[in-house]
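The values are calculated or read from the model by the stated rules, or taken from the named source; none is laboratory data. Just so you know, these numbers come straight off a predicted model, no measurement behind them. Neighbour counts run over all protein chains shown; Cβ positions are idealised from the backbone, glycine included. Heavy atoms of the whole protein, side chains included, go into the accessibility calculation; ligands, DNA and RNA do not. Shrake-Rupley method; radii C 1.70, N 1.55, O 1.52, S 1.80 Å.
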Amino acid sequence: MTRQTPLYRWIAARFTGHALAFIARFITAVRAEWRGIEPVDKQRVYFANHVSNADMPMIWTVLPHHMRAKTRPVAAADYWLKNKLRAFVGPEVFNCVLVDRRPEARTDDPMAAIREALDEGSSLIIFPEGNRNMTDDPLLPFRAGLYNMGQSHPDVDLVPTWVANLTTIMPKGEVIPLPLICTVTFGAPIHVGEDEDKDAFLKRAADALVALAPERDL
């Protein structure tokens, strides 16, 4: 809780967070699989595939509470500040690092807030594709942000994180979720190699992420 946050809002945010985690688990039975990595209290950047607005809450939900409290999703300011409800849930419940994804409107470097969060010791959840993947390809091309994070904070683990089954649980146009299990798989961490260029690293990162995907998602 910051000095600017009234106690009642902090309590409301904590209660809402627990409620959202419970609802996510109830609807999707979401569970975590840890492959080559353990759920320990270490600073990390979890980089994930992006097919649904529910991707971020699923990752956030399956993290153990002691890790969740120190993990901040990187999210679009224009989405989370669109109305009062979102402005409460994004910044106060999820403690999002908000960045403006509109080049024509922003005046600040979008990486500045991310670097500041990393400097403070926070772990992050990011979606390096930038937008939701509505194509038949497993991933959209990665943007440079993940590479920049790996270069500026080489000791932070970059953890591939695949969210599976969300489009099957909630097909487009449906209102009632199907009773299937959503799985969030965390893979072995990677780092930017010495003298590794951006394109080579981003391809390696994308390959590490796709390697975690179940066959039905490919």
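Miscellaneous remarks
- Segment 41-68: number of residues that are more than 13 Å from the chain's Cα centre (by Cα) and either touching a residue at least 24 places away in the same chain (Cβ under 8 Å) or open to solvent by less than 10 Å² (accessible area, probe 1.4 Å) (or both): 6
- Of the set (1) within 26 Å of Ser152 (Cα to Cα); (2) open to solvent by 40 Å² or more (accessible area, probe 1.4 Å), all apply to Ile27 but (1).
- Leu166 surrounded by 21 or more Cβ atoms within 10 Å (Cβ to Cβ) and at pLDDT 95 or above: no
- Test for Arg9: is it over 16 Å from the mean Cα position of the chain (by Cα), open to solvent by less than 100 Å² (accessible area, probe 1.4 Å) and either modelled with pLDDT of 90 or more or of a type in the set (Lys, Arg) (or both): yes
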